[in-house]
Amino acid sequence: MTPLSLLAAQTLLAKLTTGASPGDDLTGLISAANTALTTSVPPIPVSEIVLSSAAPDLADRNVQLTYPRINIYTSGLKNTQVEKFRAFSGTLTVVAEIWSSGDFVSQSDTWIHVYTECCSELLQKSVGDWGNGLFYSGAYDVQFTAPRPGGLGFVQSARLTVSLGVSAG
């Protein structure tokens with residue numbers, strides 16, 4: 001049986017990479033944003049949406065990842081025993097760290113906001129039962145970092161945190 005902490009991250013990965021209909025995934029939403037904004041935001045290849053908690057500097061040196069990318073991992077579990085006779089009944093926190101890099105600060109700054117909005121839109125469409133005892137209420141938190149030298153010139157990130165209700169066992 002897959003551990004809940006891994007299962008939740010895998011489920012979020014699937015939500016970002018596959019849509020209910022063609023063009024209703026992250027790539028399609030970024031493409032639509034390009035059209036609406038009349039700008040050129042690079043797509044995030046599916047191969048760059050990975051299950052990993054590696055810090056960006058470590059990933060840059062040791063993992064074959066490029067920019068833009070999204071690292072998805074579970075950052076915490078809390079068994080509050082809301083349902084007394086369940087093995088696990090509480091919350092699970094999943095993080096999607098979104099990274100962009102561009103030649104100019106203005107590029108990475110614009111791109112990180114577009115990527116975050118697209119991920120947020122997919123999450124809004126995914127409210128409800130995620131299966132396997134995971135439930136998403138629609139609440140999430142986003143924290144942005146300031147651009148800094150790195151990557152292709154400048155790198156910037158956003159940390160999108162999602163709390164899932166869990167009722168298992």
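Check E97, E117 and return the single one that is closer than 19 Å to T17 by Cβ, among the acidic types (D, E) and crowded, with 17+ Cβ neighbours inside 10 Å.
E97
Hey, can you tell me all the residues within region 107-142 that are within 12 Å of the chain's Cα centre (by Cα) and farther than 18 Å from V41 by Cβ?
L123, Y140, D141
Which pairs turn up if I take residues in region 104-120 that are in contact (Cβ under 8 Å) with a residue 12 or more places away in the chain and more than 26 Å from V94 (Cβ to Cβ) and look for partners that are among the aromatic types (F, W, Y) and surrounded by 15 or more Cβ atoms within 10 Å (Cβ to Cβ) with beta carbon separation below 6 Å, at least 6 apart in sequence or on another chain?
Qualifying pairs under 6 Å: V105/F154.
Residue by residue through region 137-151, note down the ones that are surrounded by 16 or more Cβ atoms within 10 Å (Cβ to Cβ) and modelled with pLDDT under 95.
If the condition is that a residue be surrounded by 16 or more Cβ atoms within 10 Å (Cβ to Cβ) and modelled with pLDDT under 95, then P147, G150, G151 are the ones that fit.
Which residue pairs have Cβ atoms under 7 Å apart, sit 6 or more places apart or on different chains, and have a first residue in region 71-85 that is on the phi > 0 side of the Ramachandran plot and a second that is in a strand (DSSP E or B) and of a type in the set (D, E, K, R)?
none
The values are calculated or read from the model by the stated rules, or taken from the named source; none is laboratory data. The shown structure was predicted, so the numbers you read here are calculated from the model rather than taken from an experiment. Here the Cβ is made from the backbone with ideal geometry for all residues, glycine too, and neighbour counts use every protein chain on show.
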